[in-house]
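As structure tokens, the structure follows; a few thoughts come after it.
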Amino acid sequence: MEKKKILVAEDEPQLRKLMLSKFESSGFAALGAEDGSVALEKALKEHPDVILLDILMPVMDGIEMLRKLRTDAWGKSALVMLLSNLRDSGKVLEGVELGAHEYFVKSDWKLEDIVKKVKEKLSIT
């Protein structure tokens, strides 16, 4: 069975590396991106099953990336989960309006729980 592909768009190198490692050890093919423009390019090329998207990133933020992703035929229905340290923010609302499927406040979630949520969304046990 082919591994599910996840794209982790996170500008903090240590956190991105940790997340990629955790998803790989949980049976995913994991791709990383350090900013929104790299994430958009990889998403459109690789068509990951899930995109974990940080909101605050350099070059292109997560909301702008999501807006551009939604203009693509494949990207219209891509499964996107937002990650941020922002709580009550217009950016979060904007992401939800653009069709983000989930929103995680980084400090409130353990990495194992995020992996579990992703598996639930993909109906993997």
Being of a type in the set (F, W, Y) and either modelled with pLDDT of 90 or more or more than 24 Å from E24 (Cα to Cα) (or both) narrows W74, W109 down to just W74
Quick check on G75: is it more than 16 Å from V8 (Cβ to Cβ) and in contact (Cβ under 8 Å) with a residue 24 or more places away in the chain?
yes
Flagged in region 103-125 as in contact (Cβ under 8 Å) with a residue 12 or more places away in the chain and open to solvent by 40 Å² or more (accessible area, probe 1.4 Å), in numbering order, are Y103, K106, S107, E112, K117, K119, K121, I124
Test: K42 is surrounded by fewer than 16 Cβ atoms within 10 Å (Cβ to Cβ) and either touching a Ser or Thr at 6+ places or on another chain (Cβ under 6 Å) or farther than 20 Å from K117 by Cα (or both)
no
Counting only residues that are surrounded by 14 or more Cβ atoms within 10 Å (Cβ to Cβ) and within 15 Å of the chain's Cα centre (by Cα), region 92-102 contains a total of 7
Of those in region 22-39 that are among the charged types (D, E, K, R) and in contact (Cβ under 8 Å) with a residue 24 or more places away in the chain, the residue most open to solvent (accessible area, probe 1.4 Å) is E34
With criteria (1) open to solvent by less than 40 Å² (accessible area, probe 1.4 Å); (2) of a type in the set (V, I, T); (3) assigned to a loop (DSSP other than H, G, I, E, B), I51 comes up short on (3)
Counting only residues that are surrounded by 17 or more Cβ atoms within 10 Å (Cβ to Cβ), at pLDDT below 95 and within 20 Å of I124 (Cα to Cα), region 1-21 contains a total of 2
Per the filter on region 16-39, residues among the hydrophobic types (A, V, I, L, M, F, W, C), part of a helix (DSSP H, G or I) and under 18 Å from K117 (Cα atoms) are L18, M19, L20, F23
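The values are calculated or read from the model by the stated rules, or taken from the named source; none is laboratory data. Note that this is a predicted model, so its numbers are computed, not measured. Note that we place each Cβ from the backbone using ideal geometry, even for glycine, and neighbour counts take in every protein chain shown. Note: areas computed on protein heavy atoms with side chains; ligands, DNA, RNA excluded. Shrake-Rupley method; radii C 1.70, N 1.55, O 1.52, S 1.80 Å.
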